[in-house]
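To start, the structure under review is shown below, and the notes come after it.
The values are calculated or read from the model by the stated rules, or taken from the named source; none is laboratory data. None of these values were measured; they are calculated from a predicted model. FYI the Cβ positions are ideal-geometry reconstructions off the backbone, even for glycines, and counts take in every protein chain you see.
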Amino acid sequence: MVDSSGIVARGVTRAFGAKLALAPVDFDAKPGEITGLLGPNGSGKSTLMRCLVGITRADAGDVVIHGVRLAGDGLAVRRVAAYAPGELALFGELKAREHLEWLLRGRTREGLERAREIAKELELPLDARVRTFSHGMKRQLLFAATLGPRVPVRILDEASEGLDPQKRGALIAMLERDAREGTAILLSSHHLGEVDRACKELVCLHQGRVVYRGSAADVRARAGRRVRVVFQDERERELFAARATSLPGRTTQSVGNALVFEHDGADPRPFLGALAALRDVPAPRALEYGELSLEELYRDLYGVEAC
Amino acid sequence: MRREFRLTLWATLAIAFVLELLLVPAILFWPRFEDKLEMLSSMAPIQVLKDQLGFIEQTGVAGYVLAQHFFKVCSTLGVLAAALLASPAIAGHSLRGTLELCLARPISRRRMLLERYSLGAFALVAPVFLTTATIPMLVERVGESLDQGPLALCALHQSLFLLAIYSLGFLGSCCARNPWVVAGAVLFGGLVQLALYMVETATHWSLFRMSDVPTYIAVYQKHALDPRLWIPMVGVSVVSLLISLAVFSRRAP
C-alpha cells in the first residue's frame with residue numbers, strides 16, 4: 001500500500017510484438033474529478049485502461065489505484081476500481097437482472113442493489129433477455145453494473161458510445177454526481193461535447209504517447225486566445241495569408257477555407273483592430289473567437305477535424 | 001456462477017442421457033449376443049476385433065458390458081464430449097468477445113480458470129459414474145449380475161482417461177482464440193488414435209490401449225487401477241492444468 005488516492009500511472013508501457021501500443025505513459029486522475037481520456041482510434045486508450053486494471057499486463061511501469069499497487073493479475077486493484085470495457089459483448093441468453101448478478105460477482109450485495117436501481121432509473125427492463133436489447137440498452141446495462149458498486153475509482157471505456165443525446169446526458173449527470181461524492185473517474189470518449197462538459201482534467205493520447213495533459217479550463221483559456229477567420233474559398237484564404245503578415249500573433253493552422261490565429265493575451269481587441277486596419281486583403285466571411293475548446297485542441301494535436 | 005452451473009447441469013444431463021440411451025439396449029441385447037458370440041468371433045474382419053470378442057467369450061457378461069459401455073461408448077463419445085466441453089472454456093469467450101468482461105470482475109484468474117476447469121470436468125465425469133451406477137440393475141433384467149465396486153473403479157479409470165484428453169483440450173482453449181480449432185484438433189487426434197488402435201501393426205501406439213477391453217477387464221477382476229496407466233493419465237491432466245494456469249495468467253483478451 002502506498003499513500004495515493006485516485007489513479008497514479010507512471011511509465012506504463014506495453015508493446016504487442018513489434019508495435020508499441022503504449023510508450024511510457026504518465027498521468028494522474030484525482031478523486032472527486034472526471035478525467036477525460038482522449039485520442040483517435042488506435043491511440044492506446046483501451047490498452048491503457050486494460051493495463052490499469054490488470055486485464056492486459058503492462059511490460060513496464062507502475063500503477064497505483066486508491067493506494068493499491070497493481071501487481072499479479074490485478075485482483076486487488078479490481079476490488080477498488082470498477083471497469084467498463086469498450087467492447088460490448090454480453091450474454092444474450094441471460095436476463096438483464098441475471099446479467100447484472102454475473103457482472104457484479106465478487107462485489108457486495110449493496111453494489112448489486114444499487115446497480116439495479118440505476119438500471120431502473122435508466123428505464124431498462126430487467127426481466128427481458130439481453131438479446132432483445134438494443135446496442136444502447138446494452139451499453140446502459142454495462143454502465144449500471146459499473147456504477148453500482150461503491151468503489152473509489154471507476155474506469156469507463158467509451159461508456160456513452162451509441163447512446164442518444166438524452167441518455168448520454170443522463171449518464172454524464174450520474175457520473176458527475178458520483179465524482180462529487182469523491183470518486184475518481186477516468187472516462188475515455190470520442191464525444192468531445194461530453195468530455196468538455198464533464199471532465200476537469202484531460203489526457204490526450206496519440207500513437208501510445210501522452211501528447212497533452214492538463215485541465216480542461218486551460219484548454220478553454222488557450223482556445224480563448226484564438227481567432228478563426230473564415231473566407232469565401234481557399235484562394236482567398238491563401239491571398240489573405242500572404243498579405244496579412246503584419247497581424248499580431250501567429251497563424252497556427254490553415255483548415256479548408258479558414259485560418260486560425262493565436263494571439264498574445266486574453267483580450268482579442270488589438271488583434272481585431274489590426275485585422276480591421278488591413279487593406280487590399282479579401283474580406284473574411286466569418287470570425288470565430290473563444291469557445292472552440294476541445295475541437296480546437298483535437299485539431300492541433302491530431303491534425304484532423306473533430307465534429 | 002448461476003449461468004455456469006446451469007450450463008454444466010444441462011451438459012451433464014445431456015451426456016448422461018445419451019450414454020444411458022446407448023447402454024440400455026446394449027445390455028438388453030446381451031442374451032442374443034451371447035448366442036451368436038462364437039459366430040461373430042469367426043466373422044470379425046480384423047485381428048483387434050477378434051481379440052476383443054475373445055475377451056468377451058472368456059469373461060461373459062462382464063467383458064461384454066465393459067466393452068459396450070466403456071470402450072465403445074464412453075471412450076469414443078467421451079472424446080467428443082471432452083472436445084466440446086474443453087474447447088469453449090476460454091477460447092469461446094475470446095470468440096464471443098466476452099473474455100474482457102470475465103476478466104474485469106474482481107475475481108482472480110486462477111479462481112476463474114479452476115472453476116471453469118472443474119465445471120467442465122464434472123460435466124464430463126459425472127455421466128460416466130451416473131450411468132455406470134445403473135449397470136447392476138440393468139444386467140439383472142437379463143438374468144445376470146455384476147458388482148458395483150469394480151464397476152465404479154472402471155468408471156474411475158475411464159474418467160481419468162477422459163480427463164487427460166479434456167485437460168489437453170482445456171490447455172488448447174487457454175492458448176487459442178477460436179474454440180472450433182481446438183475442438184477440431186482434439187477430435188482429429190482422437191480419430192487418428194482410434195484408427196491406429198484398429199491397425200494390428202500400429203495398435204500398440206494408440207492411446208486407446210489405455211482404455212480398451214483388456215484394461216477394463218483387468219481393473220474389474222483385480223479390483224484395482226493399474227498405476228502404470230493411471231499415473232501417466234493423472235500426470236497429463238495435472239501438467240496440462242498447470243500450464244493452462246500459467247498461460248491464462250498472462251492472457252490478454
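For the reader, a short list of remarks on this structure follows.
- Residue in the stretch B:237-253 that is nearest to the other protein chains (Cβ to nearest Cβ), counting only those that are of a type in the set (A, V, I, L, M, F, W, C) and surrounded by fewer than 18 Cβ atoms within 10 Å (Cβ to Cβ): B:Ala252
- Among the residues of the stretch B:103-152, those identified as among the small types (Gly, Ala, Ser) and closer than 26 Å to B:Leu13 by Cβ are B:Ser118, B:Gly120, B:Ala121, B:Ala123, B:Ala126, B:Ala133, B:Gly149, B:Ala152.
- Residue identified as of a type outside the set (Lys, Arg), facing chain B (nearest Cβ under 8 Å) and free of Cβ contacts under 8 Å to residues at least 12 places away in the same chain among A:Ala89, A:Ala84: A:Ala89
- Those strands (runs of 3 or more DSSP E) of the stretch A:183-258 in which 1 or more residues are among the β-branched types (Val, Ile, Thr) and more than 30 Å from A:Ile155 (Cβ to Cβ) occupy A:226-230, A:250-255.
- Residue ID - farthest from B:Cys175 (Cα to Cα), chosen from residues in the stretch B:99-137 that are among the small types (Gly, Ala, Ser) and more than 14 Å from chain A (Cβ to nearest Cβ): B:Ala133
- The one condition from (1) within 12 Å of chain B (Cβ to nearest Cβ); (2) in contact with a helix residue (DSSP H, G or I) (Cβ under 6 Å, 6 or more places away or on another chain); (3) under 14 Å from A:Pro152 (Cα atoms) that A:Ala76 does not meet is (2).
- Residues in the stretch A:143-193 that are modelled with pLDDT of 95 or more and among the polar types (S, T, N, Q): A:Thr146, A:Thr183.
- Qualifying residue in the stretch B:221-242 (condition: under 14 Å from the mean Cα position of the chain (by Cα) and over 30 Å from B:Gln47 (Cβ atoms)): yes
- Sole exception among (1) surrounded by fewer than 20 Cβ atoms within 10 Å (Cβ to Cβ); (2) among the aliphatic types (A, V, I, L, M); (3) more than 11 Å from B:Ser87 (Cα to Cα); (4) touching a residue at least 12 places away in the same chain (Cβ under 8 Å) for B:Ala195, by number: (4)
- A:Ala71 surrounded by fewer than 17 Cβ atoms within 10 Å (Cβ to Cβ), within 14 Å of chain B (Cβ to nearest Cβ) and either in a strand (DSSP E or B) or out of contact with any Ser or Thr (no Cβ under 8 Å at 6 or more places or on another chain) (or both): yes
- Residue ID - nearest to the chain's Cα centre (by Cα), chosen from residues in the stretch A:50-59 that are assigned to a loop (DSSP other than H, G, I, E, B) and among the aliphatic types (A, V, I, L, M): A:Val53
- Candidate set: the stretch A:7-48, residues that are of a type in the set (Lys, Arg) and in contact with a strand residue (DSSP E or B) (Cβ under 7 Å, 6 or more places away or on another chain); chosen: the one nearest to A:His206 (Cα to Cα): A:Lys45
- Inclusion of A:Glu113 among residues that are more than 18 Å from A:Glu158 (Cα to Cα), outside any loop (DSSP other than H, G, I, E, B) and at the interface with another protein chain (Cβ under 9 Å from one of its Cβ atoms) is not warranted.
- Residues in the stretch A:92-106 that are surrounded by fewer than 23 Cβ atoms within 10 Å (Cβ to Cβ), outside any helix (DSSP H, G or I) and either in contact (Cβ under 8 Å) with a residue 40 or more places away in the chain or more than 7 Å from chain B (Cβ to nearest Cβ) (or both): A:Gly92, A:Glu93, A:Lys95.
- Hey, B:Ser42 more than 14 Å from chain A (Cβ to nearest Cβ), over 25 Å from the mean Cα position of the chain (by Cα), of a type in the set (Gly, Ala, Ser) and in a helix (DSSP H, G or I) or not: yes
- Answer from A:Leu187, A:Leu112, A:Leu142, A:Leu124 - the residue that is under 22 Å from the mean Cα position of the chain (by Cα), touching a residue at least 12 places away in the same chain (Cβ under 8 Å), surrounded by 15 or more Cβ atoms within 10 Å (Cβ to Cβ) and closer than 15 Å to A:His99 by Cβ: A:Leu142
- Meets criteria (within 21 Å of the chain's Cα centre (by Cα), among the basic types (Lys, Arg) and away from chain A (no Cβ under 14 Å)) for B:Lys72: yes
- The set of residues in the stretch B:85-98 being among the hydroxyl-bearing types (Ser, Thr, Tyr) and within 14 Å of another protein chain (Cβ to nearest Cβ) consists of B:Ser94, B:Thr98.
- For the stretch B:142-164, the criterion of being within 14 Å of another protein chain (Cβ to nearest Cβ), in a helix (DSSP H, G or I) and in contact with a Cys (Cβ under 7 Å, 6 or more places away or on another chain) is satisfied by no residue at all.
- Remark: pairs (first residue in the stretch B:201-218, surrounded by 17 or more Cβ atoms within 10 Å (Cβ to Cβ); second residue of a type in the set (Lys, Arg); Cβ separation under 7 Å; 6+ apart in sequence or on different chains) = B:Thr203/B:Arg209.
- For A:Arg150, the stated conditions hold: it is of a type in the set (D, E, K, R), within 14 Å of chain B (Cβ to nearest Cβ) and closer than 19 Å to A:Ser5 by Cα.
- Looking across the stretch A:1-49, the residues that are basic (Lys, Arg) and either in contact (Cβ under 8 Å) with a residue 40 or more places away in the chain or part of a loop (DSSP other than H, G, I, E, B) (or both) come down to A:Arg10, A:Arg14, A:Lys30, A:Lys45.
- For B:Trp10, the stated conditions hold: it is within 14 Å of another protein chain (Cβ to nearest Cβ) and either touching a strand residue (DSSP E or B) at 6+ places or on another chain (Cβ under 7 Å) or not basic (Lys, Arg) (or both).
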